[in-house]
Amino acid sequence: MLLLAVGLVIFSTIIGGYFIHWLLPMVPLAAAFALAAILSPTDAVAVGGMIDEEHVPRRFLHILQGEALLNDASGLVCFKFAVAASLTGTFSVMHASLGFLLVAVGGILIGMALTFGFNFINRILSRHGFDEPTTQITLMTLLPFAAYLLAEHLEASGILAAVSAGLSLNQSRVFGSAQTATRLRGSAVWEMITFVFNGLVFLLLGLQLPDIAAQGISTANQAGDSTWSLIGTIVLLTSMLLLLRLVWVFLISSTRYLIAKLRGHKTGRVSVTETAAMTIGGVRGAVTLAGILSLPIAENGLPAFPMRDLLVTFAAGVIMTSLLIAAVVLPPLSRSLRHDGGDPVNREADEARRLLALEAIAEMERQSALVTKQLDENTAQQRAEVTAALIAEYRFRLRLLEDAPDDKLKAEEYQSPDTLHRDTALARRRFEAALRLHLLRTERKALARMRQEGQVSDEIERLVTHDLDLEETALSGSARALPRHLHYTDGPKMCSPLIYTG
């Protein structure tokens, strides 16, 4: 991923800069490098809106999203040095390399340091009883903004600081060890923030691009060039970026394949479809637009950045062209990507649930052996019955998750139900979940009718609705936890939730 996020950015900046200067001799070499640098970062948000994530391998999405998350910083740093070289007329490879390392490493260290401070403060607050979900969620939300602002103030990479803070926070398991209410509310808050910010990105693009296009056409006409000449240049720039990305992806995949073969590991070649999808998936977006618009304008007696209007037009055109190509080509291309026998995330989740069920069974057996010795006969018998029922429930869950043959679990250890085929049992579970959800929605409608008729007050309606919401959340979670990799062989109609649409 780092080879894409950093290596491809540097590769595109160097080769692209010389190509732009050759294609447009009127653009100074430093300005050409600035344009190539700001065209290097990709936009995973735009890609995510064009493809169906349910039918695309998660690894493909993770690579694109991780690349876009990190190449913003490397692209902006290269852009910063190119702009400085254009304005000052001086450039040193050694100085730029050291500056790049200082900016990148400084941003990472600042993010990690702030996360360490957050964890320290959070432990103190929790120790004194200030562990309310609202407080913790607010602090978690402010952490990446604080990391970005502090890093920018210290002339480090704010983007890398925010990314580093988020990754460090995840590794510290603060969110995982928080209260259940904090995790539930925090997930909802982050989903809302992600949705709002993604919408703002496309809104800003839509607001800026028409004016930029009109200004670019006017600038080209004043220089004696036609609109078609401008469009042709934009198409050539986009083709150059796609070709560079294709070459880089091919080199990375081929190198990894050769290394794996030399080490004796069994691995397959990256298919043409996967290579094409990775190439088309590198669309440009908000970072490119924001960066190119930050070029200095003429004010207070200072000259504008060389060829600023033309560079802004080219960048906006490349954004639009890459988005159009991806919107047309990527959806059908992504549907043909191989899934390697199923979603690995679902398989891994099922395996984790299986191991947790085994751990729970072992714990119940240990506790049952210890507690039985300290209780009278009646109490011990009652608790033994409860424990046996729970163990049977967990063994039933294992039955659904087990990939091995059915006879791996003894019949006497599997009591609920005794003789059902695994897929039939799973169908019954899905049917039961659908029926329970339908009944909850029926209760919700009845509660709304009672409120309209004045049988309950607003306060009672809120309290009961909250209880229904919690129960529905638990049921939905249980339904999602059922194995997804099984195929129904008996009784598929039993699991159909279409009867109960609510």
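In segment 251-275, which residues are among the charged types (D, E, K, R) and in a helix (DSSP H, G or I)?
Arg256, Lys261, Glu274
Scan segment 298-305 and tell me whether some residue there is in contact with a helix residue (DSSP H, G or I) (Cβ under 6 Å, 6 or more places away or on another chain) and in the same structural domain as Ser86 (by TED's automatic domain parsing).
No - not one qualifying residue is present in segment 298-305.
Taking Ile159 as the residue in question, decide whether it is crowded, with 21+ Cβ neighbours inside 10 Å, under 18 Å from Leu76 (Cα atoms) and β-branched (Val, Ile, Thr).
Taking the combined requirement at face value, the residue satisfies it.
Which residue is surrounded by the most Cβ atoms within 10 Å (Cβ to Cβ), if the candidates are limited to segment 219-275 and must be among the charged types (D, E, K, R) and in contact (Cβ under 8 Å) with a residue 40 or more places away in the chain? I'd like the intermediate steps shown before the answer.
Of all residues in segment 219-275, those among the charged types (D, E, K, R) come to 225, 245, 256, 261, 263, 266, 269, 274.
Checking which are in contact (Cβ under 8 Å) with a residue 40 or more places away in the chain leaves us with 245, 274.
Working: Arg245: 22, Glu274: 19.
Going through the qualifying residues, I end up with Arg245.
Exactly one condition in (1) more than 29 Å from Ala389 (Cβ to Cβ); (2) surrounded by fewer than 14 Cβ atoms within 10 Å (Cβ to Cβ); (3) at pLDDT 65 or above is false for Leu447; which is it?
It fails just one condition, (2).
Just give me the residues in segment 276-286 being at pLDDT 85 or above and in a helix (DSSP H, G or I), in sequence order.
Passing the criteria: Ala276, Ala277, Met278, Thr279, Ile280.
Where in segment 53-156 are there helices (runs of 4 or more DSSP H), lying fully within it, with 2 or more residues that are loosely packed, with under 15 Cβ neighbours inside 10 Å and of a type in the set (A, V, I, L, M, F, W, C)?
It comes to 93-127, 133-153.
Return yes or no: is Ala277 over 34 Å from the mean Cα position of the chain (by Cα) and of a type in the set (Gly, Ala, Ser)?
Details: over 34 Å from the mean Cα position of the chain (by Cα): no; of a type in the set (Gly, Ala, Ser): yes.
The answer is no for Ala277.
Could you please tell me which pairs satisfy a Cβ distance under 6 Å, a separation of 6+ or placement on different chains, a first residue in segment 3-22 that is closer than 21 Å to Ser157 by Cβ, and a second residue that is hydroxyl-bearing (Ser, Thr, Tyr)?
That search, which allows pairs on different chains as well, returns Val6/Ser74; Val9/Ser40; Val9/Ser74; Ser12/Ser40; Thr13/Ser40.
Within the group Ser229, Ser177, Ser218, which residue is over 24 Å from Leu311 (Cβ atoms) and at pLDDT below 90?
Selected residue: Ser177, the only one of Ser229, Ser177, Ser218 that is over 24 Å from Leu311 (Cβ atoms) and at pLDDT below 90.
The values are calculated or read from the model by the stated rules, or taken from the named source; none is laboratory data. All of these numbers come straight from a predicted model, not from anything done at the bench. With ideal geometry, Cβ positions are generated from the backbone for all residues, glycine too; neighbour counts draw on all protein chains shown.
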